[in-house]
């Protein structure tokens, strides 16, 4: 079961990255070009929100079924001394949760704006920061094995 969840989590991450990249650039271009906010823009932002939340749920299941919970027995000090454990047990989960919180806040704030330019501004700021956070803590070595 763990291998299946890990496979899904790994490949769903490509969809999350792609959607986050598209949504961020769409918002930046819409803001810079002073475009009208349309239903397509709304759908891009919403789909990005949905796929990222699905990835979070898959990630939580993966974290709980990985068998790594036993590695916490040595305490936080032992986990923090080991680069690999720290990445997988602390840094990656925490930073991805922060990224999804940023996506959620950006999506919620953009809906409250009444005109196009502020909508694009909210999306570009929050989705852009989320994209940087996601890129900072992807376990690249596991992706390119």
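What number of residues in the stretch 62-75 are exposed (fewer than 15 other Cβ atoms within 10 Å of the Cβ) and at pLDDT 80 or above?
Of the residues in that region, 2 qualify.
In the stretch 40-61, which residues are surrounded by fewer than 17 Cβ atoms within 10 Å (Cβ to Cβ) and in contact (Cβ under 8 Å) with a residue 60 or more places away in the chain?
Selection gives 46 alone.
Need the failing condition index for residue 37 against (1) more than 15 Å from residue 99 (Cβ to Cβ); (2) in contact (Cβ under 8 Å) with a residue 24 or more places away in the chain; (3) assigned to a helix (DSSP H, G or I), just the number.
(3)
Residue 132 passes all but one of (1) in contact with a helix residue (DSSP H, G or I) (Cβ under 8 Å, 6 or more places away or on another chain); (2) modelled with pLDDT of 90 or more; (3) farther than 18 Å from residue 50 by Cα; which number fails?
Evaluating residue 132 over (1) in contact with a helix residue (DSSP H, G or I) (Cβ under 8 Å, 6 or more places away or on another chain); (2) modelled with pLDDT of 90 or more; (3) farther than 18 Å from residue 50 by Cα leaves (1) as the failure.
Of the conditions (1) closer than 17 Å to residue 53 by Cα; (2) in contact (Cβ under 8 Å) with a residue 40 or more places away in the chain, residue 98 clears all except one; give me its number.
Looking at each condition in turn, residue 98 falls short on (2).
Kindly indicate which of 81, 113, 35, 109 is loosely packed, with under 14 Cβ neighbours inside 10 Å and either under 25 Å from residue 141 (Cα atoms) or more than 15 Å from the chain's Cα centre (by Cα) (or both).
Values: 113 fails: loosely packed, with under 14 Cβ neighbours inside 10 Å; 35 fails: loosely packed, with under 14 Cβ neighbours inside 10 Å; 109 fails: loosely packed, with under 14 Cβ neighbours inside 10 Å.
Exactly one of 81, 113, 35, 109 is loosely packed, with under 14 Cβ neighbours inside 10 Å and either under 25 Å from residue 141 (Cα atoms) or more than 15 Å from the chain's Cα centre (by Cα) (or both), namely 81.
Given the criteria under 17 Å from the mean Cα position of the chain (by Cα) and either under 19 Å from residue 37 (Cβ atoms) or without any contact (Cβ under 8 Å) to a residue 24 or more places away in the chain (or both), does residue 124 qualify?
yes
The values are calculated or read from the model by the stated rules, or taken from the named source; none is laboratory data. Since the model is a prediction, treat every value here as computed from it, not as a measurement. Quick reminder, even Gly has a Cβ in these numbers, built from the backbone with ideal geometry, and neighbours come from all protein chains shown.
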